[in-house]
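**Q** The structure that follows is given in the form of C-alpha cells.
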Amino acid sequence: MRVLNYIGGKLVEPVSKKYLPNHQPSTGMVYGEVPDSNNEDLELALISAKSAQKDWENTPAEQKFKVLNAIADLIDVHREKFALAESKDQGKPVWLARNEMIRSAQNFRFFATTAMQFSSESHAMENKAINYTLRQSIGVVGCISPWNLPLYLFSWKIAPALAAGNAVIAKPSEFTPVTAFLLSEICIEAGLPAGVLNIVHGLGPKVGQSMVEHPGIKAISFTGGTTTGKHLAATAAPMFKKLSLELGGKNPNIIFADADINKAIKTTVNASFMNQGEICLCGSRLLVHASIYEEVKAKLVDEVLKLKIGDPSNDENRIGAIVSEPHYKKVLSYLEIAKNEGGVFLTGGEAVFPEGFEKGWYIAPTIIEGLPLQCRTNQEEIFGPVISIMKFETDQEALELANGTEYGLAATVWTSNLNRAHTLAAALDFGIVWVNCWLLRDLRTPFGGKKSSGVGREGGLEAMRFFTEPKNVCIAF
Ligand code: NAD
C-alpha cells in the first residue's frame, strides 16, 4: 500500500517522489511505502494551511461540530477496515485495534461537541470595568504523534486543534502511517474544507524537525519519547513556541495487602502487557506489599503464562508483534541488561517465533524480580512487554519506590483503605493516579505527566486552552 500526503484537501505524492519502506511487524516484511517528505512538502502544507485558517476560525461552531462529527461517524462506518489496517501496520492484535478505532471516533465526537460548548471567562471589577477573555485560535499548529496508538493519539491532538479553529499540519509516526492516510480519505468525504488539515508523512528528524523549526507553525503538540521531547523543547524555545509534550513513563502499579487481589491481578496483566507493553501508561514497575508478595507473584505468573502470542489477526492471541525491528532490538537489549544486573526471570525473557510468523518481531511477556530501584531496568523506559516486580513493607517505602524515577506519568494504587488511597493519591508525584483501576479514561479529565514525562496537559478544556491564546479585554465603565 502506498501512503500519500494530504495537502490542500488532496492526496498528493511527495514533491521528491521519494518513499520509505513500511514494514508489517507480524511478518517483518515490507508491505508498503510512505512519503519521505521534506521542506518542500512542508512549505506546500503551510501555504494551504495559512490560506484556509481564517475561514475555518470564522466558521460557525455548529458547522465545525457537523464536520468533526461526520469524521467520527465515518471512522465508525469503516471501523473494521481501520482496525485491520492498524493491526497490520503496528503489530497489535485486531481486537485491540477495534477498541482503539472506537476511541478515535470518540475523540472527534468529543471535541465536536467541545467546539459548541467552549466559552471564556469574564471578570467584573466592581463599578470600574469589566474584563473578558477572548480565546482566539493560534493559527497554524503542528501535531506530531508516535507509533504505539497511532490513530488514537493522532486524533486526540487533531480533533481539539481543529475544534479550536486552527489549521493543522500533522505528522504521524513514519512507522505507522496507514490509518492517518485512511483518515485523510475520510476527511475529504466528510467535507472538511481543503487546507484545514494537512497530513505530511515522513521521518521525525527530517520533516518533523522542520515543523518544529518553522516559524510559521506557532504551536506544537507532541507525543513521543523523552529524548525527542527534550530536543524539541530546545529547538522551539528560542522562538517561544507554545509546546505540549506528552513523553515517556516508568509507571508504578502498587498493590497493598488490603486490595481485592484477584481484581488487581486481572487488571495488572493488562496494565503490564496490553499492546505488547507499548502504552505510555503501562505499569512497568509492580510494587507489592511483602505480606502478599508470594501470592501475587504466583497468581500473576500463572495468568501471564496463559497469554497467547502470535498472529495479530487471530483474536485468541493477546500479544501481537513489536512495532519495528529497531524497537524489537532495543527491548531485547534491555532483557540482556536486566540479566546482567542480576534480575531473575519469572516468565519470558526472550524472543518468540510463532509458527508461520517466524520473521515477525515477537517478545514473550516478561516478569523480572530481584532488582533494586537504582538499576537501569527499574529506571529507564523499556516500552515493551517487560515488568519488574519489587516488594515493600510500609506505605512510605511504597511511595518512595513509586516516586523514585525521573518520570511522573501515571501511577496505579490497589487498596480498599480510603484513607490510604487519598493520602497516596495526593503524595504520588504523577500527572495521573488510578485507584483500583487502570486506563479508565474520561475524556474531560486533564491528561499528561510531570517531571521527565512531559509539560502541559491534554484532554477536555485543557486541550482547548492549549490550542487557543487568551487575550484579556478590559472595558472601563
Ligand atoms: P519518538 O519520540 O521517536 O517519535 C514520536 C514522533 O516524533 C514521531 O512522529 C517521530 O517521527 C517524531 N520525531 C522524531 N524525532 C523528531 C524530531 N527531531 N523533531 C520532530 N519530530 C520528531 O517516539 P516513539 O518511539 O514514536 O513513541 C514512543 C514514545 O512515546 C515512548 O517514550 C512513549 O512513552 C511515548 N508516549 C507517550 C505518551 C504520553 O501520553 N505521555 C503516549 C504515547 C507514547
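Where a number appears in this text, it was derived from the coordinates with a stated rule and is not lab data. What you see is a predicted model; the values in this text were computed from it and never measured. Virtual Cβ from ideal backbone geometry, glycine too; neighbours counted across all protein chains shown.
**Q** Only helical DSSP H runs with n ≥ 4 go in: add -39500 (n - 2.57) per run for the chain, normalise by residue count and round the 222 nm mean residue ellipticity to 500 deg cm²/dmol.
**A** One gets -12500 deg cm²/dmol as the mean residue ellipticity at 222 nm.
**Q** Going Cα to Cα from K218, which lysines come in below 19 Å? Please leave out same-chain ones fewer than 8 positions away.
**A** Result set, ordered by chain and number: K50, K54, K157, K171, K206, K230, K241, K242, K471.
**Q** While we're on this one: By how many degrees, between 0 and 90 and to the nearest 10, does the Cα long axis of helix 226-236 differ from the longest principal axis of the chain?
**A** 20
**Q** Could I ask something else about it? If you line up the long axis of helix 418-427 against the longest principal axis of the chain, both from Cα atoms, how many degrees apart are they, to the nearest 10?
**A** The angle comes out at about 60 degrees.
**Q** What aspartates and glutamates could a cross-link reach from K450, if we take a straight Cα to Cα line under 12 Å and drop same-chain neighbours fewer than 8 places away?
**A** Output for K450: E246, E406, D429.
**Q** For the stretch 275-324 and the stretch 50-87, write down the distance between their C-alpha centroids in whole Å.
**A** So the separation of the two Cα centres works out to 35 Å.
**Q** Can you sort V30, V141, V323, V331 from fewest to most other Cβ atoms within 10 Å of each residue's own Cβ?
**A** So the residues, fewest neighbours to most, are V30, V331, V323, V141.
**Q** Return one number: the angle in degrees, 0 to 90 and rounded to the nearest 10, between the long axis of the Cα atoms of helix 79-90 and the longest principal axis of the Cα atoms of the chain.
**A** 60
**Q** Would you mind ranking H422, H214 by Cβ crowding within 10 Å, fewest neighbours first?
**A** Lowest count first: H422, H214.
**Q** Using only the Cα atoms of the chain, build the gyration tensor, take square roots of its eigenvalues as a ≥ b ≥ c, and label the shape rounded, prolate or oblate: rounded if a/c is under 1.5, else prolate if a/b is larger than b/c, else oblate.
**A** Note, shape of the chain comes out oblate.
**Q** Loop-only check: which trypsin sites (Lys or Arg not before Pro) in the stretch 405-454 are DSSP coil with at most 12 other Cβ within 10 angstrom?
**A** In loop regions of the stretch 405-454 (DSSP not H, G, I, E or B), the sparsely surrounded trypsin sites (Lys or Arg not before Pro) are R444.
**Q** Which aspartates and glutamates does K329 reach when only Cα atoms under 19 Å apart count, and residues fewer than 8 places away in its own chain are ignored?
**A** Within the straight-line limit of under 19 Å, K329 reaches these aspartates and glutamates: D89, E174, E278, E341, E350, E358, E380, E381.
**Q** State the antiparallel share, in %, of DSSP beta bridges confined to the chain, rounding to the nearest 5.
**A** Restricted to the chain, the bridges split so that about 45 percent are antiparallel.
**Q** Something else about it: How long is the gain from K81 to E213 if the chain were fully straight, where each residue apart is worth 0.36 nm and the alpha carbon distance is subtracted?
**A** Roughly 44.0 nm would be gained on extension.
**Q** Rounded, prolate or oblate: pick one for the stretch 238-319, where a ≥ b ≥ c are the square roots of the eigenvalues of its C-alpha gyration tensor, a/c under 1.5 means rounded, and failing that, prolate if a/b is larger than b/c, else oblate.
**A** Oblate, because a/c is 1.5 or more while a/b does not exceed b/c.
**Q** Ok, one more. With r as the distance between the Cβ atoms of V301 and E62 and R0 = 56 Å, compute the FRET efficiency 1/(1 + (r/R0)^6) and round to 0.05.
**A** That pair, E62 with V301, gives E of 0.55.
**Q** Loop-only trypsin sites (Lys or Arg not before Pro) in the stretch 318-365, please: DSSP not H, G, I, E or B, and at most 14 other Cβ atoms within 10 Å.
**A** K359
**Q** Order of T412, T113, T405 from fewest to most other C-beta atoms within 10 Å?
**A** Listed from fewest to most nearby Cβ atoms, that is T113, T405, T412.
**Q** Moving on to the next point. Would you please state which residues of the stretch 437-477 a label at K128 would reach in this model, taking the label point 7 Å out along Cα→Cβ and a backbone N cut-off of under 18 Å?
**A** Backbone N within reach: 472-477.
**Q** At 0.36 nm per residue, minus the direct Cα-Cα distance, what do D442 and S333 gain on full extension? Give it in nm, one decimal, please.
**A** In short, 35.6 nm is gained.
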